[in-house]
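These notes are about the structure you will find just below.
The values are calculated or read from the model by the stated rules, or taken from the named source; none is laboratory data. The structure displayed is predicted, hence computed values, not measured ones. Here the Cβ positions follow ideal geometry from the backbone for every residue, glycine too, while neighbour counts run over all protein chains shown.
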Amino acid sequence: MSNFKHWRLEREADGLAWAILDTADSSTNTLGAAVMTELGLMLDECEENPPKGLIFKSAKNAGFIAGANIEEFTSADTPEKARALIKRGWDTYNRLAAVGYPTLALVRGHCMGGGTELALACHYRIAVDETGTKFALPEVMLGIVPGWGGMLRLPQLVGPAAAMDMMLTGKNIDAKRAKKMGLADACVPPRVMDNAARMLVLSGKPSRQQQLPLMQKLLNGPLKGLVASGARKQVARRARQEHYPAPYAIIDQWQNYGGETLAVPPDQPTSLDALVTHPTTRNLIRVFFLQDRLKGFGKGAPDFSPRHVHVVGAGVMGGDIAAWCALRGMTVTLQDQSVERIAPAVGRAAKFFEKKLRDRKLARFALDRLIADPKGDGVGQADVIIEAIFENLEAKQALFADIEARAKPDALLASNTSSLKLADIAAKFENPSRLVGIHFFNPVAMMPLVEVVAGDITAPEAAQQAAAFVRKIDKLPLPVRDAPGFLVNAVLAPYMNEAMRCVDEGIAPETIDAAMVAFGMPKGPIELADTVGLDVAVAAGRQLVGEADPPKKLVELVSAGHLGKKSGKGFYNWVDGKAHKSGVGAGDTAALAERMLKPLLAATQRLVREGVIADAELADAGVIFGTGFAPYTGGPMNYLQSGEH
């Protein structure tokens, strides 16, 4: 056995060797300079004494490889430093791909970025069939490209269309999907993974690259232009090149430079030099670290390990919160006034599990964890109890009086209220310090952020437990103070109100929405108002904007019973769940966008100033992950500071 600081090279009697990565002083494996240098030394050793086969494996419980060391990349703040970092990975992986003995990546847990590129440089890949096993090339999310061979090898392995989809979205691919698409040669359970790896690496089977169908070879060769053209059109529908240059760079570098980043002339807009110096890259890396900061809030209560969640209220929000918790492995009891009221939520959950898990057995297990509980028997056993009934103070107070009397003394009691003050809800508690806000956003499955609301009376340990719970169900906790609308709704309400004022002035809803989508919002404010419900918009406007005189068109629509998407008509007509738009969207969109952003930016500044949110960084994180605010800007406070508005 050869020991390096980060790698172990273990040789078996039959000549097989294992390259085991265990990055020192870290809970996860990352590919920093020292790790990559040692990989080169290990390949030197294998060159002198070639093994029969070499299997790459992780010694970490956390996963295979989390990717390159982001801190190292952020310190490579000049094109010269970035080129040196890319060259190191490109050269090392090309060397690995060219060795004369068979190689295999045994992937268990997360395999991200440079980790996936290492796996691609091997002859074979085995994915271990566990929930945490995920392949991804997420570099585009940081404003950069997969520069260590991913753009070259992934299209050759799975075909360019599937490869482009992975690289341009940064999406995760689970073990079963990896096998189905050809990214993995096999998908095996943990108990047989080592033997499966031994058998495959010594099998002499041709690699998948050698077996690519003729059509895929043509699409990787003479027909590259067709694939690139289609990919550009798809990207253009989602992101403008001046805002997000990285996806356009990926397409260009694959089509014209064989996936080799360093081959692109520095003066080209799709070059590494252009990406490294682009403000979007700096801002997206900032957003990555903001996300890490949110994840850190879940570490405040390490001994809190909830297993049973009780949700009261089986409406859209309550039902979807219950379904999400069951998906994440919790036992969930769902309470409402009758089984008939709970049934639609269970039906939605069943469809959600099938779509999300793509495995009937796993979907069945998830559904078994979701238990209809009209009598509320789960209250006495639950570790976390979430109230998600309609926004009525007296009803919530009465409900919590019953819950507090029956719940375990150490159970976490939470409200999903979006508009009422926690102090008012807790006014009749025997121990009001137990109550915390856990505010989800709709749609629950899509929105990563959850506001963790602490009132003046909330015990610090309750807020810490709430944040830990939010992380355990794989959401991002944002600590906020108990104030009307907290952060997210408090910045959205004046923004949407301004948009509806524009409609009153005769500006077409399509024009308003087009202006904000052009700015970088995921959808426009008028479509958003229709989606959340115009009755909700009226109530939010009165409470959070403080206007006794709501926008006229809004009042007209609500008075006529036109509440938006849920009624089929609002500012737009809704057909099959989609807003029917006339196509109008011309004019000075930049000026219109600035007008609508102004109240959002002002509200964000005010909430930071008043301490509803602790600082400007967290305000940016909350507004990005809670509203979809254009990530390329780095968030509203960063946008204000940049002087771009």
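Evaluate region 57-76: report whether one residue or more is in contact with a strand residue (DSSP E or B) (Cβ under 8 Å, 6 or more places away or on another chain), of a type in the set (S, T, N, Q) and at pLDDT below 95. Yes, region 57-76 contains at least one residue that is in contact with a strand residue (DSSP E or B) (Cβ under 8 Å, 6 or more places away or on another chain), of a type in the set (S, T, N, Q) and at pLDDT below 95. Filtered by the rule that a residue be of a type in the set (A, V, I, L, M) and more than 22 Å from ALA445 (Cα to Cα), region 459-489 gives ALA459, ALA462, ALA463, ALA483.
Among residues of region 80-95 that are closer than 14 Å to GLU260 by Cα, those with a beta-carbon under 8 Å from a residue that is among the hydroxyl-bearing types (Ser, Thr, Tyr) and in a helix (DSSP H, G or I) at least six positions away or on a different chain give the pairs ILE86/THR261; TRP90/THR261. For region 458-517, enumerate the residues that are among the β-branched types (Val, Ile, Thr) and touching a residue at least 60 places away in the same chain (Cβ under 8 Å). VAL470, ILE473, VAL480, VAL488, VAL491, VAL503, ILE507, THR511, ILE512, listed by residue number. A search for C-beta distances below 7 Å between a residue of region 191-218 that is touching a residue at least 12 places away in the same chain (Cβ under 8 Å) and any residue that is aromatic (Phe, Trp, Tyr) and surrounded by 13 or more Cβ atoms within 10 Å (Cβ to Cβ), counting only pairs 6+ apart in sequence or on different chains, returns LEU200/TYR124; VAL201/TYR124; SER207/TYR124. When restricted to residues that are touching a residue at least 60 places away in the same chain (Cβ under 8 Å) and in a loop (DSSP other than H, G, I, E, B), region 100-112 contains 2.
So for region 489-500 (the condition being part of a helix (DSSP H, G or I), hydrophobic (A, V, I, L, M, F, W, C), out of contact with any Leu (no Cβ under 7 Å at 6 or more places or on another chain) and surrounded by fewer than 24 Cβ atoms within 10 Å (Cβ to Cβ)), does at least one residue qualify? No, every residue in region 489-500 fails to be part of a helix (DSSP H, G or I), hydrophobic (A, V, I, L, M, F, W, C), out of contact with any Leu (no Cβ under 7 Å at 6 or more places or on another chain) and surrounded by fewer than 24 Cβ atoms within 10 Å (Cβ to Cβ).
Filter region 1-11 down to the residues that are farther than 20 Å from ALA62 by Cβ and modelled with pLDDT of 95 or more and list them by number. Answer for region 1-11, where residues must be farther than 20 Å from ALA62 by Cβ and modelled with pLDDT of 95 or more: LEU9, GLU10, ARG11.
Among the residues in region 117-130, are any surrounded by 24 or more Cβ atoms within 10 Å (Cβ to Cβ) and under 16 Å from GLY32 (Cβ atoms)? Yes, the conditions are met somewhere in region 117-130.
For region 427-443, which positions are under 17 Å from ALA388 (Cβ atoms) and at pLDDT below 95?
Correct list: PHE441, ASN442, PRO443.
Annotation: VAL436 fulfils all but one of (1) under 30 Å from ILE613 (Cβ atoms); (2) surrounded by fewer than 21 Cβ atoms within 10 Å (Cβ to Cβ); the unmet one is (2). Across region 356-386, the qualifying residues are those that are at pLDDT below 95 and over 16 Å from ILE321 (Cα atoms), and the one among them that is surrounded by the most Cβ atoms within 10 Å (Cβ to Cβ) is LEU357.
Which residue is surrounded by the fewest Cβ atoms within 10 Å (Cβ to Cβ), if the candidates are limited to region 44-79 and must be of a type in the set (Gly, Ala, Ser) and over 27 Å from PRO190 (Cα atoms)? Give the steps one after another, and end with the answer.
Taking region 44-79 as the starting set, the residues that turn out to be of a type in the set (Gly, Ala, Ser) are 53, 58-59, 62-63, 66-68, 75-76.
Then drop every residue that is not over 27 Å from PRO190 (Cα atoms), which leaves 75-76.
On the way: SER75: 11, ALA76: 15.
Per the stated criteria, the residue is SER75.
For region 140-154, the criterion of being touching a strand residue (DSSP E or B) at 6+ places or on another chain (Cβ under 9 Å), crowded, with 24+ Cβ neighbours inside 10 Å and not in a loop (DSSP other than H, G, I, E, B) is satisfied by no residue at all. Filtering ALA127, ALA119, ALA105 for residues that are in contact with a Ser or Thr (Cβ under 6 Å, 6 or more places away or on another chain), within 26 Å of ASN195 (Cα to Cα) and not β-branched (Val, Ile, Thr) leaves a single hit, ALA127. Which residues, counting only those in region 71-103, are within 18 Å of PRO265 (Cβ to Cβ) and among the small types (Gly, Ala, Ser)? Within region 71-103, ALA82, ALA84 meet the criteria. A single member of GLY32, GLY15, GLY40 is within 20 Å of ASN195 (Cβ to Cβ) and assigned by TED's automatic domain parsing to the domain that holds ASN195, and it is GLY15. Taking the listed residues GLY182, GLY225, the one that is exposed (fewer than 14 other Cβ atoms within 10 Å of the Cβ), touching a residue at least 24 places away in the same chain (Cβ under 8 Å), assigned by TED's automatic domain parsing to the domain that holds PHE56 and within 18 Å of ASP165 (Cα to Cα) is GLY225, with no other qualifying.
Sort out which residues of region 196-219 are part of a helix (DSSP H, G or I) and crowded, with 18+ Cβ neighbours inside 10 Å, and write them in order of number. Outline the logic, then answer.
The initial filter retains those residues of region 196-219 that are part of a helix (DSSP H, G or I), namely 196-201, 208-211, 214-219.
Residues satisfying the conditions are ALA196, ALA197, ARG198, LEU200, VAL201, GLN216, LEU219.
Whenever a residue of region 557-569 is more than 13 Å from VAL538 (Cβ to Cβ), its partners that are part of a loop (DSSP other than H, G, I, E, B) and aliphatic (A, V, I, L, M), lying with C-beta atoms within less than 9 angstrom and at least six residues away or across chains, give the pairs LYS569/ALA560; LYS569/LEU563. Within region 439-450, not a single residue is farther than 23 Å from VAL287 by Cβ and assigned by TED's automatic domain parsing to the domain that holds ALA345.
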